[in-house]
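Remarks on the structure that follows.
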Amino acid sequence: MDFEARLSDLGGSLFLNNLILGILVGLLDCDTETARSMIRSRFILKGEAIVEKNLAAFDRGLDVSKQISLPISIQKDSTLSSRIVLSGTEAVGIGVIAGGCNFIASYPMSRLPAPACSPIWPGDPRSATSWWSRPKMKSRPSI
């Protein structure tokens, strides 16, 4: 399947993640409204147009899932509702700490609040390098 062609009018592969999410939600018979709500909350800061494009990609993924014959049956487990849900970044942060890692640096991928594995910004009090005697920066460089 040429997924990028299905997304060309939206902006191409930039929306591929939500097309794939739609496929998985459809195949695993997950709650589509919960998925839509999560997409909306994830992209709302980028504007309504971006939210709508991501939702359109998700819906196209749902359509693709209807064309795939894959008998999967997963029953809901009500005991899981009391479990903690982590983002991938938070899980990596906990994992590296538990594994004894003393230092990690990563490339910033969004302008959202700093993740558990955040980049190093000289002069930023949240940064691992804040103890260095570098001149204080008035603001972070634009990303």
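The table for this structure:
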quantity	calculated
Backbone HN-Hα couplings from phi across the stretch 65-74 [Karplus 6.51/-1.76/1.60, Hz, Gly and Pro as x]	4, 6, 8, 9, 9, 9, x, 10, 9, 10
Rel. contact order, % - alpha carbon contacts under 8 angstrom, at least six apart, the stretch 3-65	46
Loop trypsin sites (Lys or Arg not before Pro), the stretch 1-68 (other Cβ atoms within 10 Å of the site Cβ: 11 or fewer; DSSP)	66
Descending semi-axes in Å of the stretch 3-65, equivalent ellipsoid built from Cα gyration tensor	17, 15, 7
Pairwise FRET efficiency - residue 98 versus residue 2, Cβ, R0 = 41 Å, nearest 0.05	0.50
Local electrostatic count, residue 7, Cβ distance below 14 Å [Lys/Arg +1, Asp/Glu -1]	-3
Unit charges at the beta carbon, dipole of the stretch 3-65: most positive-side option, 28, 12, 62	12
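Readers should treat all values here as calculations from the given coordinates under stated rules, not as data from a laboratory. Only a predicted model underlies this, so the values are computations on that prediction, with no experimental measurement involved. Cβ sites come from the backbone with ideal geometry, for glycine too, and all protein chains shown count toward neighbours.
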